[in-house]
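Novice: Please find one structure pasted underneath; my questions will follow.
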Amino acid sequence: MLEKALVGSRRYWLWIFFLIAIAGIGFIAYLQQYKYGLAITGLSRDVSWGLYIGQFTFLVGVAASAVMLVIPYYLHDYKKFGKIVILGEFLAVSAVIMCMLFIFVDMGQPMRIMNVMLYPNPSSVMFWDALVLGGYLGLNIIIGWATLHADKKGVKPASWVKPLIYLSIPWAISIHTVTAFLYAGLPDRHFWFSALTAASFLSSAFAGGPALLIILSMIVRRVSRFDPGIEAIQSIAKIVTYAMAANVFFIGLKLFTSLYSGIPGYGYSLAYLYTGLDGHNTLVPIMWTSSILAVVSLVLLIMPPLRRNEGILTLACVVLFISLWIDKGFGFIIGGFVPNPFGRITEYWPTFLETLITIGVWAIGFLILTVLYKIAISVREETANIKLEH
Amino acid sequence: MYNSGKVIMGIIIFLLFVAFPFYYNIGRVIATPDPSLDTPVINELVEKKCVEPREFMRVEHMTMLNDWKDSAIRDGRRAYINTEGKLFEKSLQNTCMRCHSNKERFCNECHTYVAVKPYCWTCHIEPKEKKL
Amino acid sequence: MSMDRRGFLKLIGLSSIGIGAGWMIRKPGEFLEAGSVSDLPGALEAKQWGMVIDTSKFKTEADYKKVINACHKAHNVPAIENPNHEIKWIWTDDFAHTFSEAKHQYMTEGLKDKMVLLLCNHCKNPPCVRVCPTKATFKRKDGIVQQDMHRCIGCRFCMTACPYGARSFNYTNPRPYIKETNPEYPTRMIGVVEKCIFCEGRLARGLMPACVEASQGAMLFGDLSDTNSVVREALRRHYTLVRKPKLGTEPVVFYILDLGRDKGGGEYA
C-alpha cells in the first residue's frame, strides 16, 4: 500500500517538500547540538528537562488518545467510528515516533541509547517507558496496517488482529500512566508528587488527542474525497468535552490541596507559574493564556448548538489544543523544576536552536502522519462504496 | 524476470557503490603499522614485558581494557594479577600509558591503520609527548 | 530443494535473530582467560562508608575553599562560570537553604547565613539509583553511590530525582574549563552526569577522600557499621543533622551542629 503515498497532487508534494525542508533545518540545528552539547539549549543544572521532554510528555498523551476511538468502536460496536478509527491509529504511530525522537534529541550521549536495553534497570520508570512506547508503536503499526489492508481487499482482517486490538486498549492507558510515573514518584518535587498526576495526564490526553483528530479530520475532508462522517466527528467532540471537563476538574483538585494546605512546597510552583515568584515571572503570561483558552474551549464545547457548528467546533478544538499544549508540554515540566528543591529559582526559556530542533521533530512527525494518512485516504477513496467488514 | 533491464542496472549500481572502498584504494601504498616501544620507561626496563605476553596483548588488549574498566568501576576491584602472579593497578592512564607514553606512535599507529577510533581519550588524558 | 519467497524470508528472519542472540550471549571478557581480579594492597574497606562534617570548624572562606579545591583539582572538575552549566562535586550553601525544614523566622542571622559544605549524600536509599535506566549510577556493597561515566546516556533523570542537587551534567565539553589538569585522573566527556564518588579510587589505594585529607580534621570519614569508628564516635558525642530526613533517602553525610559555639558562647541570659 506504500505506493499510494508516492502518487499525489501538486499540493500534496508541495506539503511533503515543505515538511522535509523544515525537518532538514531542524536536523542542521541538531548537528550543532550534537557538536556543542545541550549547552545550546536553555536547560540548566536546576532545570534539567525542558521543551523536549515536555513535547515528549504531551505527545505520549496524543498517542494514547487513539484508545478513545478504539474503545467505542471495538468494545461498544459503535459503527460510526468505522472509517475514522484508522486516523486515530495512524496519529498514534506518528505521535509515538515523535516521542522517541524527542527522547533522542534530549539525550546527552545519544549514541549510547541501546544501553537502556543492554543494561536494563527494572526499577527505573524510564526503562519501562521505553518498553511500553516501543510496544505501543508496534501494536498500532500492525493493527492499522492489517485492518487497512483487509479493507482494501474488501475482506475481514485476519483473526489475530482482534486480540491485538483488545491488548492495545490497556496498553494505551499504560503508556501515559508510566509517563506520569516518571514524575509522580520523585521525592521533593512537590508539583509532580501527586497520585493525581497520571489521572490528569489521561484526562488531558483524552481531550487534546481527539481534539487534534477533529482538526485533522476537518483538513482531510477538505483536501480529499474521504469523509470520516459528521456524526463521528460530533461523537468525538463529546468525548473531548467530557475529557476536558474532567481535566479542568482535576486541576481544581490540585489547586485545592496545594493552596488550602498552606504547605509552601506545594504553593511555590503554582505561585511561580501563575503570579511569579520573587520577581521571576517568565511563564506567567503563557500560563494565563493557557488557562483562559481552557475556559474558552470548554464554554464553546459544552454548549450543544455551538459544538454542532463545524466552524466553532474546529475553533474550540484549536483553542483547546493550544491550551493543553502550553499546560502540559511546557508548564507542567518547568513548574516541577522551579523553584529547585532548596527554594532557589533558575528560570528556563528555550533557545532559538532548541526551538528549531523541536519544530524539526514535529515536521518529521507530520511527514509520517501525512504519508500514513495519504495511504489510508487513498484506500478509503477506492472503497468508498464498500461496507467495512471489521 | 520482470523488468530485467532495470533490475540488472540496479544491481550493477549497487555493486559499484558497495565496492567503492576497494577500487578507491587500489594502487595506494599504505605502510604496515609498526607500533613503537621506544619510550624512556620501556627502555629502562630490564625485562621488556607488558602485563601479559605480547601475542595476547595484541589480540586481546581491547577486551582486557574493557574488562578492567568494568571490574574497576562496577566492582571496585582495582588490581590485576597476571599469569605470572604479578600485581598491576588497573588503570589506562596510570599503568598502561606510564610505559606506553607514546600514544601517537603506539596506539594510533594501528588504530589509524584499521580505522578504529576508540573513545578512551574523550575522558582519559593522553600522556604529554615530546614532539620530535 | 524448493523454497517459496515466504519460506525464504522466514528463514532469513530466524537466522538474523540467531545471530543477534549469539552476539548478546557473548559477555565482555569471555575470551579473556589470563590473569585474575584482585584488590590493591592496603585498600580501605568498609561495610558502610559514612562522613561527618563538623560545621563549627569551618570558619573562614579559606576553610571551605581549600577543601573544595582539593576535590575539584584531584578530579579535574571544570570551573565553568555560567551557573546554568556549572559542575560541582562539593560546594557550599547557607544553612537556611540546606536545612530548610529547620528554618524559622527568628533564627539567628549567624545560623541562617552559616555556610555549609555540601556534597553527594551517598544515600542508603538513593532515588538517583532507582531512576537510572541503565544502572550507570549504582550502589556499591560499601554504600558508595558510584557513577559509571562509561555507561551514562545523559538522560538527566537522576538530576531530576536527586533532592540534594548533588548531580551535575556536562552541558558542554568540560576540558577547556579545567585550568590545571591532574594527569592521574580522567576528565569527563560531553553529555554525561557526574558527582562526588566518595573518592572510591583513593580508598582503593589506601587513601582517605581528598576533601577529608584537606580538611585537617574538620571532616571525618569511616565505617558507620563499626561502632568504634571515628564517625560513630563523633555521632555519639555531638548533635548531628542530615539533610531532608523526611524523604527517607537516609543520607550518610552527617553535620555536627555545635549551637553554643555558633552563637559565641553557650550562656542564656
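Novice: Looking at the calculated P(r) for chain A, what percent of the C-alpha pair distances fall above 41 Å?
Specialist: Taking all Cα-Cα pairs of chain A, the fraction more than 41 Å apart is 12 percent.
Novice: Which residues in the range C:39-72 have a backbone N closer than 17 Å to a point placed 7 Å from the Cα of C:Asp226 along the Cα-to-Cβ line?
Specialist: Counting only backbone N, you get C:40-52.
Novice: With springs only between Cα atoms under 10 Å apart, run a GNM on chain A and tell me which of A:Ile20, A:Ile219, A:Ile40 wobbles the most.
Specialist: A:Ile219
Novice: Now a separate question. Please state, to two decimals, what the Cα-based radius of gyration of the range A:186-299 comes to when divided by 2.2 N^0.38 Å (N = residues).
Specialist: So the range A:186-299 has a normalised radius of gyration of 1.33.
Novice: Show me the ranking of peptides C:230-238, B:24-32 by mean Cβ neighbours inside 10 Å, starting with the highest.
Specialist: C:230-238, B:24-32
Novice: Which whole-angstrom value gives the distance between the alpha carbon centres of the range A:176-214 and the range A:275-294?
Specialist: The range A:176-214 and the range A:275-294 have Cα centres spaced 20 Å from each other.
Novice: Using a 7 Å offset from the Cα along the Cα-to-Cβ direction at both B:His61 and A:Glu381, what is the distance between the two label points in nm, to one decimal?
Specialist: 6.3
Novice: Quickly rank C:182-193, C:158-169, B:1-12, A:172-183 as a protection proxy: mean count of other C-beta atoms within 10 Å, highest first.
Specialist: Going from most to least packed, we get C:158-169, A:172-183, C:182-193, B:1-12.
Novice: Rg and Dmax of chain C, using alpha carbons, in Å: what are they?
Specialist: Radius of gyration, then largest Cα-Cα span, for chain C: 23.6, 104 Å.
Novice: Would you mind checking the tilt of helix A:352-382 against the longest principal axis of the Cα atoms of chain A, expressed as 0 to 90 degrees and rounded to 10?
Specialist: It works out to around 20 degrees.
Novice: What is the P(r) of the range B:32-122, as percent of Cα-Cα pairs per 10 Å bin from 0?
Specialist: 14, 49, 32, 5
Novice: What's the average, rounded to a whole number, of partner chain beta-carbon atoms within 10 Å of each residue's beta-carbon in A:41-54?
Specialist: Details: counts 2, 1, 5, 7, 15, 5, 3, 12, 5, 0, 0, 0, 4, 0.
Mean number of neighbouring Cβ atoms from other chains: 4.
Novice: Peptides C:132-140, C:83-91: what's the order by average Cβ count within 10 Å, highest mean first?
Specialist: Values: C:132-140: 22.4, C:83-91: 20.3.
Taking the mean over residues of other Cβ atoms within 10 Å, the ranking is C:132-140, C:83-91.
Novice: With a cap of 11 neighbouring Cβ atoms within 10 Å, and only residues DSSP puts in a loop, list the GluC sites (Glu not before Pro) found in the range B:7-59. Present the calculation step by step, with values, prior to reporting the outcome.
Specialist: Numbers: sites: B:Glu44, B:Glu47, B:Glu55; in loops: B:Glu47.
Loop-located and lightly packed - B:Glu47.
Novice: Grab the beta carbon distance between C:Leu9 and B:Phe17, set R0 = 35 Å, and tell me the FRET efficiency rounded to 0.05. Don't skip to the answer; put the middle values down first.
Specialist: On the way: r = 24 Å, r/R0 = 0.69.
In this case the efficiency is close to 0.90.
Novice: Peptide C:146-153: average number of partner chain Cβ atoms within 10 Å per residue?
Specialist: 6
Novice: Whole-Hz ³J(HN,Hα) for each residue in the range A:203-219, computed from phi via Karplus 6.51 cos²θ - 1.76 cosθ + 1.60 with θ = phi - 60°, x for glycine and proline: what do you get?
Specialist: 5, 5, 5, 6, 8, x, x, x, 4, 4, 5, 4, 4, 4, 4, 4, 5
Novice: Once the Cα atoms of the range A:116-188 are picked out, what are the Rg and Dmax in Å?
Specialist: Cα radius of gyration and Dmax of the range A:116-188 are 16.0, 56 Å respectively.
Novice: Here is a follow-up. Take each uninterrupted DSSP H stretch in chain C, measure its Cα extent along the helix axis, and return the ones at 15 Å or beyond whose mean Kyte-Doolittle hydropathy is at least -0.5.
Specialist: TM-like helix candidates: C:5-25.
Novice: Mean projection of the alpha-carbon convex hull of the range C:115-213 over all orientations, in nm²?
Specialist: 7.3
Novice: Still on this structure: Cross-chain or 8 or more residues apart, Cα under 17 Å: how many lysine pairs in chain A fit that? Count them up, please.
Specialist: Lysine pair count for chain A: 20.
Novice: Right, another one. Can you work out the Karplus-derived ³J(HN,Hα) for every residue in the range A:330-341? Use 6.51 cos²θ - 1.76 cosθ + 1.60 with θ = phi - 60°, whole Hz, and x for glycine or proline.
Specialist: Residue by residue, the range A:330-341 yields 9, x, 4, 5, 5, x, x, 9, 10, x, 6, x Hz.
Novice: A follow-up question, please. How far apart, in nanometres, would the label points at A:Arg221 and B:Glu47 be if each is projected 7 angstrom from Cα along the Cα-to-Cβ direction?
Specialist: With each label point 7 Å from Cα toward Cβ, the separation is 8.8 nm.
Novice: Still on this model: By how many degrees, 0 to 90 and rounded to 10, does the Cα axis of helix B:54-74 deviate from the longest principal axis of chain B?
Specialist: 70
Novice: Here is a further query. Quick one: helix A:161-184 against the long Cα principal axis of chain A, what's the angle to the nearest 10°, folded into 0 to 90?
Specialist: 10
Novice: Compute the Kirkwood hydrodynamic radius of the protein assembly as shown, taking the inverse of the mean of 1/r over all pairs of distinct Cα atoms, and give it in Å to one decimal.
Specialist: 30.1
Novice: Another one. Based on the Kirkwood radius over alpha-carbon pairs, what value in µm²/s does the Stokes-Einstein equation return for the translational diffusion coefficient of the range C:23-177 at 10 °C and 1.306 mPa s?
Specialist: The estimated diffusion coefficient comes to 85 µm²/s.
Values in this text are rule-based calculations from the coordinates and carry no lab data. What you see is a predicted model; the values in this text were computed from it and never measured. Glycine gets a Cβ as well: all are built from the backbone with ideal geometry, and neighbour counts include every protein chain shown.
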